[in-house]
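This report concerns only the one structure given below.
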């Protein structure tokens with residue numbers, strides 16, 4: 001019997017190994033073709049035309065330079081060299097608190113949270129507004145968004161706990177510890193070869209194919225209080241819409257965070273990864289869960305009990321989770337530092353103004369590209385939680401028309417027919433106005449890194465730079481960095497960078513900033529004015 005089970009286990013491992021290898025090989029083939037067509041040929045062609053145009057202008061006086069520039073403006077991203085600029089607001093505080101500029105070339109140096117890139121590849125930030133260079137090919141926004149969703153990422157070993165929210169609703173929390181994921185630290189080439197060969201725990205690269213919102217098959221269970229060793233602190237993730245710990249961008253970010261010495265706690269949105277136990281769903285400004293999580297599970301007492309010593313924490317939100325994070329920090333102000341061990345935070349690619357999100361998502365290419373995925377996920381969310389979202393006698397939805405919710409076509413319809421009535425808003429316009437975080441970020445007192453991408457195809461472009469400049473002038477605790485390209489949670493690098501698992505610019509920026517802040521805080525040198533004398 002044992003021999004038969006062992007044989008079956010090896011058979012399953014062999015199948016998963018082949019599937020993992022095929023998946024990685026297919027991704028690399030497609031990515032190489034896309035890179036060659038969308039970057040190499042395009043850039044070479046435009047640069048060649050520029051040289052011919054310059055030669056023609058010198059010889060016959062035509063065409064004038066402005067004519068060529070206007071003709072290739074749609075391809076401007078391809079005419080740049082590989083170094084582009086990250087625009088920074090509140091640069092002085094960003095440099096002193098978070099060590100900016102620190103990120104930028106995607107090299108092995110990014111694995112060191114306090115290391116600095118070569119002087120030739122970046123420069124120090126000076127003045128009120130400044131730019132930090134980064135090395136990465138610049139793809140179109142849709143290409144970066146879509147391809148990043150399919151890139152292979154090594155398996156992350158999580159330990160699942162069920163936390164209770166303020167109303168008793170279950171929240172699935174996946175903890176990732178560096179000592180459980182030593183296979184990630186064997187070097188990028190070795191890790192990539194593990195994925196290719198399907199060796200060891202990296203086989204989990206295909207585990208995401210299991211039931212959506214279900215517990216991934218290789219979770220550990222039970223008490224995790226003794227699991228931490230020498231770590232920088234706890235990094236708690238607030239994910240984007242419908243994301244879970246097995247979502248590609250989450251796993252990719254967790255891997256980088258672990259390499260920087262963090263213990264990671266991925267807090268799922270209520271109703272995801274474990275069913276709702278209370279008839280109340282999330283929304284874009286729903287801060288009650290993160291508030292309870294922060295003050296209960298990330299309190300100084302709770303973390304000291306878990307790890308056996310005082311431990312600091314940081315919060316990182318992505319997309320919708322970043323909007324929730326911004327609202328929470330603005331609503332609670334100094335209470336966050338007073339009642340928890342959280343000392344800094346980062347909001348990445350948030351829908352800063354919800355009305356601005358509706359504009360790009362109404363375009364036909366966005367609707368054709370993303371609507372089906374969002375619709376499928378939201379409808380599944382309602383079905384997954386039907387036991388508590390429907391009246392057991394009548395089958396009607398709790399506070400909304402359940403059957404109409406199943407017939408939505410896109411996110412705005414879900415907002416209109418589910419979010420608005422369920423949470424008591426007057427209409428969708430009222431909902432969007434109330435939950436947008438940008439209007440209240442000036443109330444944030446915790447050091448906060450906001451990161452935006454200019455060509456985000458889902459959340460749309462961030463507010464204009466002068467709006468950020470005005471906000472940062474009013475809010476000393478806020479630092480803002482904007483990438484000119486990268487899509488929504490994408491920022492793909494060169495094929496070799498993806499094969500060798502180099503951090504994306506956003507991953508490196510956020511992780512190194514948070515680690516730099518915590519290390520300086522432990523030395524008492526992070527801020528000219530102490531956060532609080534009782535922070536430990």
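The values are calculated or read from the model by the stated rules, or taken from the named source; none is laboratory data. Small disclaimer: the values here were computed from a predicted structure and weren't measured. Note that we place each Cβ from the backbone using ideal geometry, even for glycine, and neighbour counts take in every protein chain shown.
If you check residue 310 against the conditions, is it in a loop (DSSP other than H, G, I, E, B) and closer than 15 Å to residue 263 by Cα?
On the way: in a loop (DSSP other than H, G, I, E, B): yes; closer than 15 Å to residue 263 by Cα: yes.
Yes: the conditions hold for residue 310.
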Among (1) out of contact with any strand residue (DSSP E or B) (no Cβ under 8 Å at 6 or more places or on another chain); (2) within 23 Å of residue 334 (Cα to Cα), residue 251 falls short only on (2)
Residues that are out of contact with any helix residue (DSSP H, G or I) (no Cβ under 9 Å at 6 or more places or on another chain) and farther than 28 Å from residue 456 by Cβ, drawn from the range 320-337: 334, 337
In the range 362-382, is there at least one residue being over 23 Å from the mean Cα position of the chain (by Cα), buried (at least 20 other Cβ atoms within 10 Å of the Cβ) and assigned to a helix (DSSP H, G or I)? yes
So residue 292, is it surrounded by fewer than 23 Cβ atoms within 10 Å (Cβ to Cβ) and part of a loop (DSSP other than H, G, I, E, B): no
Residues to consider are 377, 424; find the one that is modelled with pLDDT of 95 or more, within 27 Å of residue 346 (Cβ to Cβ) and not assigned by TED's automatic domain parsing to the domain that holds residue 323. 377
Can you give me the ranges of the helices (runs of 4 or more DSSP H) entirely in the range 384-496 with at least 3 residues that are in contact with a strand residue (DSSP E or B) (Cβ under 8 Å, 6 or more places away or on another chain) and within 29 Å of residue 334 (Cβ to Cβ)? 465-474
Among the residues of the range 306-317, which ones are in contact (Cβ under 8 Å) with a residue 24 or more places away in the chain and farther than 24 Å from residue 167 by Cβ? 307, 308, 310, 311, 312, 314, 316
Residue match in the range 327-342 (condition: modelled with pLDDT of 95 or more and in a strand (DSSP E or B)): yes
Hey, residue 444 crowded, with 20+ Cβ neighbours inside 10 Å, under 29 Å from residue 505 (Cβ atoms) and not assigned by TED's automatic domain parsing to the domain that holds residue 316 or not: no
Considering only residues that are within 22 Å of residue 257 (Cβ to Cβ), part of a loop (DSSP other than H, G, I, E, B) and touching a helix residue (DSSP H, G or I) at 6+ places or on another chain (Cβ under 9 Å), which ones fall in the range 268-289? 269, 272
Extreme residue, nearest to residue 360 (Cα to Cα), among residues of the range 383-420 that are surrounded by 16 or more Cβ atoms within 10 Å (Cβ to Cβ) and out of contact with any helix residue (DSSP H, G or I) (no Cβ under 8 Å at 6 or more places or on another chain): 413
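For residues that are farther than 13 Å from residue 241 by Cβ and free of Cβ contacts under 8 Å to residues at least 60 places away in the same chain, tally how many sit in the range 372-398. Lay out the reasoning, then the answer.
At the first step, the residues of the range 372-398 found to be farther than 13 Å from residue 241 by Cβ are 372, 379, 382-398.
Then drop every residue that is not free of Cβ contacts under 8 Å to residues at least 60 places away in the same chain, which leaves 372, 379, 382-383, 386, 390-397.
Here the count works out to 13.
State yes or no: is residue 216 at pLDDT 65 or above and assigned by TED's automatic domain parsing to the domain that holds residue 251?
Against the criterion (at pLDDT 65 or above and assigned by TED's automatic domain parsing to the domain that holds residue 251), residue 216 does not qualify.
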Scan the range 170-211 for residues that are closer than 22 Å to residue 234 by Cβ and either buried (at least 21 other Cβ atoms within 10 Å of the Cβ) or modelled with pLDDT under 50 (or both) and jot them down. 171, 172, 173, 174, 175, 176, 178, 184
